[in-house]
Amino acid sequence: MALAILARRRAAALSAWRAYAAAAEESDVVVVGGGPGGYVAAIKAAQLGLKTTCIEKRGTLGGTCLNVGCIPSKALLHSSHMYHEAKTSFAHHGVKISNLEVDLPAMMAQKDKAVAGLTKGIEGLFKKNKVTYVKGFGKLTSPSEVSVDLVDGGNTVVKGKNIIIATGSDVKSLPGITIDEKKIVSSTGALCLSGIPKKMVVIGAGYIGLEMGSVWNRLGTEVTVVEFAPDIVPSMDGEIRKQFQRMLQKQKMKFMLKTKVVGVDTSGDGVKLTLEPSAGGEQSILEADIVLVSAGRTPYTAGLGLDAIGVEMDKAGRILVDKRFMTNVSGVYAIGDAIPGPMLAHKAEEDGVACVEFLAGKEGHVDYDLVPGVVYTHPEVASVGKTEEQVKASGIAYRVGKFPLMANSRAKAIDDAEGMVKVVADKETDKILGVHIMAQNAGEIIHEAVLALQYGASSEDVARICHAHPTVSEALKEACLQTHSKAIHI
C-alpha cells in the first residue's frame, strides 16, 4: 500500500514538473483538448517539426470518443451482439449452449480494459513524438497564453505562438429534464449502468440513441425510442431509413415518432414521462426504469476565456473559423466539434491534421461533403455523399442502383443477409453522387465508396473492379452494375 501511494505521488510530481517545464519555454503549437482532434493535431504538429504542448482536463487522453463515447460504446455493442447471437442464432449453426447468462460486470470490465489500453497508447505516442502533455483545465488569458488548473493541484501558464482549441462537445440537455446519471442518464451514464433495466426510454432517435438502445435491448431491456421528428436519423437516405427502422423493430425496439416529452416525474422508483404529439394533443404516460437523453451534442466552448480575448462564436456556441481554421483572433485556431460541421471523431482528426499542416507552411484540406457516417447497430448503416432526396432536390437527373444482401453469397453463407446497398449516380456522366449501405460491417465497406467519390469515379468504374469472392463487398460492385447497366445476381 505504501509503495502504491509513493508511486502515485511520484507520478503526480512528474506530471507537475512537466507542466512547469512546458510553461518555462514557449511552444510553437499549444493544443487545448486531447480528444481525437486535439491529440491527432498534437502528434501531427510534432511530426512536422513544431514544438508542441497538449493540455487535457480529463487527465486521460482520447476525449469523449475514447473515454465515454465511440470506443466504450463499440465495446458494449460488440459484447451485447455476441450474447444476442449466442441466444438467438448459435443453435441454428449447430452450436448449443446451456445456462446462457449475462455477466454484466465482466462485460463492463472488458470495455474498461479496452479504454484504458487505448488511452495509455496515446500517451505512448506523445512520448514517442515528443509532445509535452499537461493534465489540467486550460483557459486562454491572451492569444498566446493558456492558464492551466492542474489535475494534481496548482496552476501554470503555457505559452504558445499558435493555440488550437480542440475542446470537443458535451451532451445536449433538454428543457425540464435534469440528467442525474442515475435514473435519467446521458450516453455517458448509459455506458456504465450497474444492472440491466427492465424498461428504458431513449429520447432521441439519432446515431447515439439507437446504438445505446440496441445494447440494452439485446441484453433484455424493453426499449422504447421517443422522437420529436417524424423519422429516425433524419440525415439518412429515406429508403434506407425505412428499412433500417423495420430491422430495429424486428429486434423488438419500439418507436414513438412525432412525440415530445412534456413532463418528468422521478419521485418513485423509476421515471414517469408525460408525452404528447409533437403538434400537440392528448397526453399519455410512459414509465421506465432508466431514461436515456440522446438529443445530440453541443460545442464545449464556454469557460475557456474565448469571450475575453474576442473570439467570435455563433449562437450555438461554435467557434467561427476561416478555411485555415483560424479564428478572428490572430494565432488562435479551432477544430473538431468546437466549430461548425459534422460532430464526428474522424472529422475532428482530419481538421487537426489540416490545421497543423497550414501552421507548418503546407497545404491542408478536408472535404466535408465526403465525411462518412456510420450507425454501429446490427446491421450497421453507413453512408457517404448525397441521399437520393438531396440529389432529387438539386434538380440533377440521376439513376439509382440497388442490390439486396439476400442475393449476396457471403451474406447468405453466414446467415446474415438483412440489408442492401444503394448507389445514386449522375444520369449523364455516371459519376457516383452517394452510396448508402445497410449490412453487417457496413462501416468497413463504406470506405471503398469514399475513395470512389473522392476521385470522382463512375458507377461503371467500381463495377469493373475485381472484388474478391465471396465477400459482402461484392454487393457494392453489384449495386454499381445495377446503376450502370444491370446486376448479375438479381
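The values are calculated or read from the model by the stated rules, or taken from the named source; none is laboratory data. The structure displayed is predicted, hence computed values, not measured ones. Cβ sites come from the backbone with ideal geometry, for glycine too, and all protein chains shown count toward neighbours. In case anyone asks, the SASA skips ligands and DNA or RNA and just uses the protein heavy atoms, side chains included. Shrake-Rupley method; radii C 1.70, N 1.55, O 1.52, S 1.80 Å.
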Item checked: Complete set of residues in region 193-205 that are of a type outside the set (Val, Ile, Thr) and either closer than 29 Å to ILE335 by Cα or not in a loop (DSSP other than H, G, I, E, B) (or both) -> LYS199, MET200, GLY204, ALA205
Next item on the list: Name every residue in region 216-255 that is of a type in the set (A, V, I, L, M, F, W, C) and not in a loop (DSSP other than H, G, I, E, B), in order of residue number.
Entry: TRP216, VAL223, VAL225, VAL226, ILE240, PHE244, MET247, LEU248, PHE255
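Identify the residue in region 301-315 that is closer than 22 Å to THR188 by Cα and surrounded by fewer than 23 Cβ atoms within 10 Å (Cβ to Cβ) and, among all such residues, is farthest from the chain's Cα centre (by Cα).
Just the residues of region 301-315 that are closer than 22 Å to THR188 by Cα, to begin with: 301-303.
Imposing the further condition that a residue be surrounded by fewer than 23 Cβ atoms within 10 Å (Cβ to Cβ) reduces the set to 302-303.
On the way: ALA302: 21, GLY303: 24 Å.
The selected residue is GLY303.
Quick check: is even one residue across region 51-64 within 26 Å of GLY220 (Cα to Cα), modelled with pLDDT of 95 or more and open to solvent by 60 Å² or more (accessible area, probe 1.4 Å)? I'd like the intermediate steps shown before the answer.
Narrowing region 51-64 to residues within 26 Å of GLY220 (Cα to Cα): none.
No, the conditions are met nowhere in region 51-64.
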Notebook entry, point to check: What are the residues in region 164-189 that are of a type in the set (D, E, K, R) and not in a loop (DSSP other than H, G, I, E, B), if any?
Noted result: ASP170
Next item on the list: Give the number of residues within region 318-339 that are exposed (fewer than 15 other Cβ atoms within 10 Å of the Cβ) and either without any contact (Cβ under 8 Å) to a residue 60 or more places away in the chain or among the aliphatic types (A, V, I, L, M) (or both).
Entry: 5
Margin query: I'm trying to understand the selection: among the residues of region 327-339, which are under 11 Å from PRO143 (Cβ atoms) and within 26 Å of the chain's Cα centre (by Cα)?
Written below: THR327, VAL332, TYR333
Margin query: Take the conditions part of a helix (DSSP H, G or I), touching a residue at least 12 places away in the same chain (Cβ under 8 Å), open to solvent by less than 20 Å² (accessible area, probe 1.4 Å) and of a type outside the set (Phe, Trp, Tyr) and apply them to ALA354. Does it pass?
Written below: yes
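Residues are listed down the side, and each one gets a yes or a no for (1) touching a Pro at 6+ places or on another chain (Cβ under 8 Å); (2) open to solvent by 60 Å² or more (accessible area, probe 1.4 Å); (3) farther than 30 Å from VAL384 by Cβ; (4) in contact (Cβ under 8 Å) with a residue 24 or more places away in the chain:
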| position | (1), (2), (3), (4) |
| --- | --- |
| VAL271 | no, no, yes, yes |
| PRO277 | no, no, yes, no |
| VAL293 | no, no, no, yes |
| THR298 | no, no, no, yes |
| GLU350 | no, yes, no, no |
Note to self: Condition first: of a type outside the set (S, T, N, Q), under 19 Å from GLY35 (Cα atoms) and assigned to a loop (DSSP other than H, G, I, E, B). Can you find one or more residues in region 326-335 that meet it?
What the structure shows: yes
Item checked: Lone unmet requirement of (1) open to solvent by 60 Å² or more (accessible area, probe 1.4 Å); (2) within 28 Å of the chain's Cα centre (by Cα) for GLY138 -> (1)
Notebook entry, point to check: Under 9 Å by Cβ, and 6 or more places apart or on different chains, what pairs join a residue from region 172-200 that is touching a residue at least 12 places away in the same chain (Cβ under 8 Å) and surrounded by 14 or more Cβ atoms within 10 Å (Cβ to Cβ) with one that is of a type in the set (Phe, Trp, Tyr) and assigned to a helix (DSSP H, G or I)?
Noted result: ALA190/TRP216; LEU193/TRP216; ILE196/TRP216; PRO197/TRP216; MET200/TRP216
Next item on the list: Considering (1) open to solvent by 50 Å² or more (accessible area, probe 1.4 Å); (2) assigned to a strand (DSSP E or B); (3) not hydroxyl-bearing (Ser, Thr, Tyr), say which one ASP152 fails and leave the rest.
Entry: (2)
